[in-house]
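Each reported figure results from applying straightforward, stated rules to the coordinates on display, with no laboratory input. All values derive from a computational prediction rather than experimental measurement. Virtual Cβ from ideal backbone geometry, glycine too; neighbours counted across all protein chains shown.
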Amino acid sequence: MMEITCFGCRGSHVVSGPKFSAFGGHTTSYRILSPECETAFFVDAGTGICNAVLPDSIHKAVLFFTHTHLDHIVGFPFLPALQKKGFELTICGPVAAYGAGIKDIMTTLFAPAFFPVCWNEFPAHIRFFDFQDETQTIFDGTEIQAFRLPHSCTTLGCRLKIGNHTAAFCFDAELEALSADETEKIGRLIEGSDLLIADGTYTAEEYENGRRGFGHSAAETAAVFAERFFIKQLGISHHSPTADDNTLTAREQLLKKRFANLDLFFLREGMTVSLS
């Protein structure tokens, strides 16, 4: 079994208020747990990761950064596991186009001008691991496959396999900007996944009317991609900060009708998806 919990699925910046209570206002952060693995996994560390507690039995975690835009990293200093003495945390992420590794980038977040505690002063033990496009590695029996996505900075998607279950994460990503060959390559990597969590910031109309080239996808594009590559469940994430609960609910209902053969839903903060 694999459990994927959403602690934040908002893009760009935090939102708050009663109009955003159903889908939540925290930015991107996901936790993956499985009884088949003693290591917990996180994908991105937006503001939602502040609430990402772990069972007492878990003493190791891997945090995979898809990219280093602020809405995906700003919660990292507040990850509860950093306060656990002896906890082992491995930070993974892409190498920037200018050559900086994930350690170079993430440790700047703890500079005195931004944060009062240095990264190596936390009780937890932190190490860093650079990912390139097509990097494949195994942490305690869990396989991570990285692949490049089109966005405004170096950005990776990932395929996470634990036992017989596979989950793939594709945010932030402008799937419309992929070439036919790139679409086929990524599609074959994640084909048949139990779950794909994909960028669906816009509607198709919004994308065509002023959002092309912004680095994000229309939810319709993600659904077409998921159908083509036999994805079992599709979760739409990275909700626009301008889209309130009524807007997102309406979009979700329309997509469910249009893609009736696809198990599709919009992520909500606090939601757990169980793969069994």
Choose one answer from Arg211, Arg251, Arg188: the residue with the largest mean-square fluctuation in a GNM of the chain with alpha-carbon springs under 10 Å. Arg188
Sparse-neighbourhood loop sites, GluC sites (Glu not before Pro) in segment 127-193 - DSSP loop, at most 12 other Cβ within 10 angstrom: Glu134
Rounded, prolate or oblate (a/c below 1.5 giving rounded, otherwise prolate when a/b exceeds b/c) for segment 221-276 by Cα gyration tensor: oblate
Using +1 at the C-beta of Lys and Arg and -1 at the C-beta of Asp and Glu, which of Gln233, Leu178, Ile58 has the Cα lying farthest in the positive direction of the dipole of the chain? Ile58
Can you list, bin by bin at 5 Å, the percent of alpha carbon pairs in segment 81-139, starting at 0? 4, 17, 23, 22, 19, 10, 5, 0
Debye, to nearest 20: dipole size of segment 1-158, +1 on Lys, Arg Cβ, -1 on Asp, Glu Cβ: 480
Give the calculated FRET efficiency between Lys19 and Gln253 to the nearest 0.05, with a Förster radius of 25 Å applied to their Cβ-Cβ distance. 0.90
Electrostatic dipole magnitude of segment 2-275 [Cβ: Lys, Arg +1; Asp, Glu -1; Cα centre; debye, to 20]: 360
Semi-axes of the equivalent ellipsoid for segment 86-226, please: Cα gyration tensor eigenvalues, times 5, square-rooted, ordered largest first, whole Å. 30, 21, 13
Mind checking Rg over Rh on segment 2-275, alpha carbons, Kirkwood formula for Rh? 0.94
Residues with amide H under 5 Å of Thr166's amide H, sequence separation 5 or more or different chain, H placed in the peptide plane at 1.01 Å from N; which? Asp194, Leu195
Hey, what does the equivalent ellipsoid look like for segment 1-110, semi-axes from the Cα gyration tensor as sqrt of 5 times each eigenvalue, largest first, whole Å? 21, 20, 12
Using DSSP, restrict attention to beta bridges with both residues in segment 2-275 and report what percent are antiparallel, rounded to the nearest 5. 45
Nearest 10 degrees is fine. How inclined is helix 180-190 to the longest principal axis of the chain, computing both from alpha carbons? 60
Report, in deg cm²/dmol and to the nearest 500, the calculated mean residue ellipticity at 222 nm for the chain, where each DSSP H run with n ≥ 4 adds -39500 (n - 2.57) and the sum is divided by the residue count. -4500 deg cm²/dmol
